[in-house]
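Some notes on the structure that comes next.
The values are calculated or read from the model by the stated rules, or taken from the named source; none is laboratory data. Worth saying up front: this structure is predicted, and the values here are computed from it rather than measured. Glycine also receives a Cβ, built like all others from the backbone with ideal geometry; neighbour counts cover every protein chain displayed.
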Amino acid sequence: MSNSDVKAKEACKKYLLNKRIIDSCEEKTEEGCDIVGYKNGEKYYFEVKSSSKGKKKAYCGTVMLTELNKAIDYKEHYKFIVCKGKGDNWDIHEPLFTIDEFMPFCALTTPILRYAFHPDPKKQPKFRESTKKANKELIKLMYQNFNEWKIDVNKPSGDTECKEYINECFDNAIIEANNEEDIEFNGNYYYSISKLVNHVVKYYVEKNPNITFTELKQKFPDSLALSNYGVFAKMEDIAKSKYQKDEKAYRKNPKDIIFLPQDNIKICTCNYWKKSQISDFVNNAKKIGLSIK
């Protein structure tokens with residue numbers, strides 16, 4: 001934490017106490033926010049968003065996903081304090097923001113990672129065991145999915161629909177993190193087997209719009225995939241089968257669903273693939289005339 005951040009937090013603590021927004025506050029907090037205070041025996045959380053004082057009147061800065069998530073979970077007891085200044089001189093915007101008031105001013109820009117380095121190898125900082133360490137495959141996967149989330153203007157807008165949409169995005173990201181490959185198809189590089197399969201099947205259907213479900217099965221036989229799953233399945237069969245309880249088994253995001261006009265049905269490609277199966281799938285794609293390497 002910079003000296004400016006410390007000064008901003010101190011100024012905000014004084015503000016909360018002087019305005020009697022809280023009766024007292026904790027000296028230190030590890031609760032995922034900057035200030036924890038108490039009012040009439042109830043606990044409140046405050047996140048300080050500070051920016052340097054300049055000619056611009058706008059308040060600008062960053063807000064973490066974890067902060068927004070906690071604000072949603074503790075909606076009635078969580079406030080954002082927006083301020084700007086320097087040293088001991090800080091302007092605090094009034095009133096403070098609830099999550100619903102603050103959210104309209106936030107936008108998805110770029111995900112960040114934390115790094116920690118010490119010149120002395122013996123004093124090298126250590127990450128927690130539960131922390132996901134960075135690697136090239138993970139970075140490529142995050143970047144690819146992140147760009148899709150940013151440009152997907154057709155994503156759902158309702159609370160329930162958004163929750164389902166985001167959950168599916170993260171579920172697919174977790175699946176894809178275990179299926180890293182570097183394969184070129186149709187001018188794009190793929191680091192996810194499940195996404196590659198989806199795009200290959202979708203591309204083949206687009207080039208052969210009159211193909212039937214049975215004919216497509218002949219082109220992409222179930223033997224290429226894990227037993228009992230197949231390369232793809234009808235949406236109506238997925239809903240009726242035992243896999244309806246396994247929400248991650250097939251790619252059911254609207255943009256991944258494939259429509260077969262000849263049979264007037266929708267199909268979903270399988271998410272579960274082993275690295276040992278990718279060569280068979282690639283060879284099969286080449287066999288039916290697709291350029292993939």
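Annotations
- Failed condition for Met235, given (1) at pLDDT 90 or above; (2) under 27 Å from the mean Cα position of the chain (by Cα): (1)
- Selection within the range 83-123 - farther than 27 Å from Leu138 by Cα and assigned to a loop (DSSP other than H, G, I, E, B): Gly87, Asp88, His93, Glu94, Pro95, Leu96, Thr98, Asp120
- Restricting the range 209-240 to residues that are closer than 17 Å to Asn284 by Cβ and of a type in the set (Gly, Ala, Ser), the residue that is surrounded by the fewest Cβ atoms within 10 Å (Cβ to Cβ): Ser227
- Taken over the range 253-277, the criterion of being surrounded by 15 or more Cβ atoms within 10 Å (Cβ to Cβ), under 18 Å from Asn228 (Cα atoms) and under 26 Å from the mean Cα position of the chain (by Cα) is satisfied by Ile267, Cys268, Thr269, Cys270, Asn271, Tyr272, Trp273.
- Yes/no for Lys123 being out of contact with any helix residue (DSSP H, G or I) (no Cβ under 6 Å at 6 or more places or on another chain) and loosely packed, with under 15 Cβ neighbours inside 10 Å: yes
- Assessment of the range 3-17 against the conditions (surrounded by fewer than 14 Cβ atoms within 10 Å (Cβ to Cβ) and modelled with pLDDT under 85) yields at least one matching residue.
- Of all the criteria given as (1) modelled with pLDDT of 50 or more; (2) part of a helix (DSSP H, G or I); (3) surrounded by 14 or more Cβ atoms within 10 Å (Cβ to Cβ), the one not satisfied by Glu168 is (1).
- Some residue of the range 33-46 being closer than 30 Å to Gln144 by Cα and charged (D, E, K, R): no
- Residue match in the range 100-112 (condition: in contact with a Phe, Trp or Tyr (Cβ under 6 Å, 6 or more places away or on another chain), closer than 29 Å to Ala11 by Cβ, at pLDDT 85 or above and not aromatic (Phe, Trp, Tyr)): no
- Within the range 58-72, the set of residues being assigned to a helix (DSSP H, G or I) and modelled with pLDDT of 85 or more comprises Glu67, Leu68, Asn69, Lys70, Ala71, Ile72.
- Residues in the range 18-52 that are within 23 Å of Lys86 (Cα to Cα) and either small (Gly, Ala, Ser) or not assigned by TED's automatic domain parsing to the domain that holds Ile81 (or both) were compared, and the one that is surrounded by the most Cβ atoms within 10 Å (Cβ to Cβ) is Ser50.
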